[in-house]
Amino acid sequence: MGRLFGTDGVRGVANADLTAELALGLSVAAAHVLAEAGTFEDHRPVAVVGRDPRASGEFLESAVVAGLASAGVDVLRVGVLPTPAVAYLTGALGADLGVMLSASHNPMPDNGIKFFARGGHKLADELEDRIESRYRGHASGDAWDRPTGAGVGRVKDYAEGFDNYVAHLVGVLPNRLDGLKIVIDGAHGAAARVSPEAFARAGAEVVTIGTDPDGLNINDGCGSTHLEKLRAAVVEHGADLGVAHDGDADRCLAVDEAGNEVDGDQILAVLALGMRDAGTLRQNTVVATVMSNLGFKLALEREGIELVRTAVGDRYVLEEMKAQGFALGGEQSGHVIVLDHATTGDGTLTGLMLAARVAATGRSLSELAGVMERLPQVLINVPDVDKSRVATSAELSAAVTDAERELGATGRVLLRSSGTEPLVRVMVEAADLEQAKAVAGRLADVVKSALG
């Protein structure tokens, strides 16, 4: 049996892979492991539990709440709120852990469980492994002390979470958004109420799409994975920009006034310059993954800003930021972390800060995003190869060296092994798209020959 926890919690098809029994058992195990880690000391433990609007979240929430309460944890049920809201409230309320039910940008049949430690921080791999081990032990019959009587956890709704979170978002903005017209695509997800409310309180005129969740339509042809409707709406309404979230609103992509996409790298570039000018970009450094566009690196170099790259995954970005004390980081996909104001990627906060930069400078988003030129990026998946030999193949190493020499300073080659499949991903960036395609094709052939 494989590891339950993936790169961002436990996910699967709800009621098939991710069952009520699994959700309940993991919640009990999480309470026990975090208690042993010293999180629960001289008080009765408290958990914040939230979810996105997927229909399956209703029964999974009940299972999680039951598991926590049966382990003696008091539960504050905040209802439908974004993942970063649950993280924020976990910290702001002094709760001992947080639980979010969401499968992010995945389609509706999927769902997932994410745990947050005290302070609203994601769990380290070691803690996830201990939770999983404890869960498997319980499932195999290991006994645990079940509280009874007054020792069981109590459950109550915490409706104030919505206003507390929105007030936090608006309160950390450097300036208001008065005079801006903004289209928001909520992906029929967890930010369907939060994001429009936050932008309106900040002074923007708000047009909404994708803000009518029915439990079944989350991410369905809308949100950050489907920008077509947002592009059209921005142009139709003559808006200054558009903001798109995913299902749990921990990411944000944008559209400029002409309907052009502004991706996570470009958003990071705009925010980096704003934070540098305000003196809040600590160590004059931004953290991004190896998948960030080479154009992003070149833009930061021109502006005198350092770039630190990590493995793919916002958790690795966050780990590097916390370890080195950096303030800004993120991914091309739109996960942006502003560590002074959030413990995880926050799509609504990202959109607000991007809009605040437009308002403060009086410049259009297209002009601001123009600080960075996205170089063409070609990605080819090469299946059915021995991915374990990527780093040791002399033939492949020579081919990569030749390719990098051909591309020069404005090109880049990246080979990545899939974490779950027997394939290697070949990524090539170059100023010329046809050159990138040609080089990527040749490298894919070498991968097949050398590792097949």
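The values are calculated or read from the model by the stated rules, or taken from the named source; none is laboratory data. Here the structure is a predicted model, which is why all the values come from computation and not from measurement. Reconstructed Cβ throughout: ideal geometry from the backbone, glycine too, with neighbour counts over all protein chains shown. Just so you know, the surface numbers come from the protein's heavy atoms only, side chains and all, with ligands and any DNA or RNA stripped out. Shrake-Rupley method; radii C 1.70, N 1.55, O 1.52, S 1.80 Å.
So here's what we get for this one:
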read-out	value
Restricting the range 36-59 to residues that are at pLDDT below 90 and open to solvent by 40 Å² or more (accessible area, probe 1.4 Å), the residue that is nearest to Leu123 (Cα to Cα)	Ala37
Pairs where the first residue, in the range 395-411, is under 16 Å from Ser449 (Cα atoms) and the second is open to solvent by 90 Å² or more (accessible area, probe 1.4 Å), C-beta under 8 Å, 6+ apart	Ala399/Arg442
Criterion (open to solvent by 60 Å² or more (accessible area, probe 1.4 Å) and under 30 Å from Leu298 (Cα atoms)) met by exactly one of Ala269, Ala258	Ala258
Matching option when the condition is charged (D, E, K, R), surrounded by 18 or more Cβ atoms within 10 Å (Cβ to Cβ) and assigned to a loop (DSSP other than H, G, I, E, B), among Asp178, Asp248	Asp248
Which numbered condition Ala139 fails, given (1) more than 19 Å from His245 (Cα to Cα); (2) open to solvent by 80 Å² or more (accessible area, probe 1.4 Å)	(2)
When residues of the range 391-435 are limited to those that are open to solvent by less than 40 Å² (accessible area, probe 1.4 Å) and part of a loop (DSSP other than H, G, I, E, B), the one farthest from Val378 (Cα to Cα)	Ser393
Search result, residues across the range 209-238 that are of a type in the set (Ser, Thr, Tyr) and either assigned to a loop (DSSP other than H, G, I, E, B) or open to solvent by 20 Å² or more (accessible area, probe 1.4 Å) (or both)	Thr211, Thr225
Members of the range 320-359 that are farther than 16 Å from His121 by Cβ and under 9 Å from the mean Cα position of the chain (by Cα)	Gly330, Glu331, Ser333, Gly334, Val336, Gly347
Qualifying residue in the range 442-449 (condition: touching a helix residue (DSSP H, G or I) at 6+ places or on another chain (Cβ under 9 Å), open to solvent by 30 Å² or more (accessible area, probe 1.4 Å), part of a loop (DSSP other than H, G, I, E, B) and charged (D, E, K, R))	no
Strands (runs of 3 or more DSSP E) wholly inside the range 41-143 that include at least 2 residues being over 17 Å from the mean Cα position of the chain (by Cα)	46-51, 74-80
Filtered residues of the range 194-208 (kept if open to solvent by 40 Å² or more (accessible area, probe 1.4 Å) and either in a strand (DSSP E or B) or out of contact with any helix residue (DSSP H, G or I) (no Cβ under 7 Å at 6 or more places or on another chain) (or both))	Ala200, Glu205, Val206, Thr208
Close pairs from the range 234-245: first free of Cβ contacts under 8 Å to residues at least 40 places away in the same chain, partner open to solvent by 10 Å² or more (accessible area, probe 1.4 Å) and part of a strand (DSSP E or B), Cβ under 8 Å, at least 6 apart	none
Total residues in the range 325-341, condition crowded, with 24+ Cβ neighbours inside 10 Å and in a loop (DSSP other than H, G, I, E, B)	3
Any hit, the range 161-171, residues being farther than 27 Å from Ala103 by Cα and either open to solvent by 10 Å² or more (accessible area, probe 1.4 Å) or part of a helix (DSSP H, G or I) (or both)	yes
Residue within the range 3-26 that is within 24 Å of Tyr165 (Cα to Cα), small (Gly, Ala, Ser) and at pLDDT 95 or above present	no
Residue satisfying condition, being in contact with a Gly (Cβ under 8 Å, 6 or more places away or on another chain) and either open to solvent by 40 Å² or more (accessible area, probe 1.4 Å) or in contact (Cβ under 8 Å) with a residue 24 or more places away in the chain (or both), within set Ala63, Ala31	Ala31
One residue from Ala202, Ala192 being in contact (Cβ under 8 Å) with a residue 60 or more places away in the chain and in contact with a Lys or Arg (Cβ under 7 Å, 6 or more places away or on another chain)	Ala202
